[in-house]
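Student: One structure, as structure tokens, below. Some questions next.
The values are calculated or read from the model by the stated rules, or taken from the named source; none is laboratory data. Computed from a predicted structure; not experimentally measured. No Cβ is skipped: glycine too gets one built from the backbone with ideal geometry, and neighbour counts run over all protein chains shown.
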């Protein structure tokens, strides 16, 4: 197996690359810059949104598997950015070039934002797909296009719908880092939808799930999720306990945003059937996040 990996310098990409290295899988990196932990991986420099020669890139990579993560992901901006539309085209063209070059398997990172969140509990085979953001619509459209291209070339394709990852290296504006900063007195308290249930998973386990989809029996859409809903107030209280802080200033500012569901969790039975299980419990993952943000604890 020789994997062509995009997005290796991003938050999830760094964990995926580490997972590939740990499993001894030969990897070729494709993107504008190599990952900080690229080690001995080959790197092909290319701006995938700059209309490169995708056929030449695929031929140069000589990879058997494509694991495509690259996408626009700036916190707070990606939901409705027009760059989503450019990534639809780039992803489809890369997939087509990879298949034409003799590629044997395609895996692409999708998102839980493809689902109709009003259903709360998301199952791959029964929950309607009704995204309400440009990001979600673009990802869903990309899935349809990529799978059509792969079917045309008779190349198996797996699509991993990632739920709510967290861990070292994520944007400081995301929920877990923001809560850690607040509980350590580094930023003002802010409100959370305290009674809402969410599906959080450490980035290392998300990465392992994506790598699992490279195996021969994986095909179709898979939730990459814990399957275990947890209330946001529970997360706040747990982090506060770890940091010996008071959760009250955060919980006193309860906030419910329009369009945010009371429950968002993904069933992960399809991924379980491939042998994947999270290695970290939520408590272990939160402890790891707290320790990384506050080494003295």
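Student: Residues to consider are 45, 56, 63; find the one that is surrounded by fewer than 22 Cβ atoms within 10 Å (Cβ to Cβ) and either under 25 Å from residue 156 (Cβ atoms) or touching a residue at least 24 places away in the same chain (Cβ under 8 Å) (or both).
Tutor: On the way: 45 fails: either under 25 Å from residue 156 (Cβ atoms) or touching a residue at least 24 places away in the same chain (Cβ under 8 Å) (or both); 63 fails: surrounded by fewer than 22 Cβ atoms within 10 Å (Cβ to Cβ).
Just one listed residue meets the conditions, 56.
The rows are residues; the columns are (1) in contact with a strand residue (DSSP E or B) (Cβ under 7 Å, 6 or more places away or on another chain); (2) in the same structural domain as residue 156 (by TED's automatic domain parsing); (3) under 22 Å from residue 268 (Cα atoms); (4) in a strand (DSSP E or B).
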{"site": "79", "(1), (2), (3), (4)": "no, yes, no, no"}
{"site": "84", "(1), (2), (3), (4)": "no, yes, no, no"}
{"site": "94", "(1), (2), (3), (4)": "yes, yes, no, no"}
{"site": "99", "(1), (2), (3), (4)": "no, yes, no, no"}
{"site": "106", "(1), (2), (3), (4)": "yes, yes, yes, yes"}
{"site": "109", "(1), (2), (3), (4)": "yes, yes, yes, yes"}
{"site": "118", "(1), (2), (3), (4)": "no, yes, yes, no"}
{"site": "138", "(1), (2), (3), (4)": "no, yes, no, no"}
{"site": "143", "(1), (2), (3), (4)": "yes, yes, yes, no"}
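Student: Would you tally the residues in the range 135-149 being within 18 Å of the chain's Cα centre (by Cα) and exposed (fewer than 15 other Cβ atoms within 10 Å of the Cβ)? Step through it out loud before you land on a result.
Tutor: Of the range 135-149, the ones within 18 Å of the chain's Cα centre (by Cα) are 135-143, 146.
Still in the list and also exposed (fewer than 15 other Cβ atoms within 10 Å of the Cβ): none.
Residues that pass the stated criteria total 0.
Student: Okay, next question. Considering only residues that are under 16 Å from residue 96 (Cβ atoms) and outside any loop (DSSP other than H, G, I, E, B), look in the range 29-59 and name the one that is nearest to the chain's Cα centre (by Cα).
Tutor: The residue in question is 30.
Student: Kindly check whether there is at least one residue in the range 195-203 that is part of a helix (DSSP H, G or I) and modelled with pLDDT of 95 or more.
Tutor: Yes, the range 195-203 has at least one match.
Student: Residues that are touching a strand residue (DSSP E or B) at 6+ places or on another chain (Cβ under 7 Å), under 30 Å from residue 1 (Cα atoms) and in contact (Cβ under 8 Å) with a residue 24 or more places away in the chain: list the helices (runs of 4 or more DSSP H) wholly contained in the range 204-297 that include at least 1 such residues. Break it down into steps so the answer makes sense when it comes.
Tutor: Working: elements: 232-242, 248-251, 269-272, 282-293.
Result: 269-272.
Student: Further question on the same structure: Check off (1) modelled with pLDDT of 95 or more; (2) outside the structural domain of residue 142 (by TED's automatic domain parsing); (3) part of a loop (DSSP other than H, G, I, E, B) for residue 182 and give me the number that stays unchecked.
Tutor: Residue 182 satisfies all of (1) modelled with pLDDT of 95 or more; (2) outside the structural domain of residue 142 (by TED's automatic domain parsing); (3) part of a loop (DSSP other than H, G, I, E, B) except (3).
Student: Got a number for residues in the range 264-287 being out of contact with any helix residue (DSSP H, G or I) (no Cβ under 7 Å at 6 or more places or on another chain) and crowded, with 17+ Cβ neighbours inside 10 Å?
Tutor: The qualifying residues number 6.
Student: While we're here: Checking the condition over 23 Å from residue 116 (Cβ atoms) and at pLDDT 95 or above, which residue from 266, 275, 227, 209 passes? Reasoning before the result, please.
Tutor: Numbers: 266 fails: over 23 Å from residue 116 (Cβ atoms); 227 fails: over 23 Å from residue 116 (Cβ atoms); 209 fails: over 23 Å from residue 116 (Cβ atoms).
The conditions single out 275.
Student: Please verify whether residue 132 is surrounded by fewer than 17 Cβ atoms within 10 Å (Cβ to Cβ), in the same structural domain as residue 217 (by TED's automatic domain parsing) and assigned to a loop (DSSP other than H, G, I, E, B), treating the condition exactly as stated.
Tutor: yes
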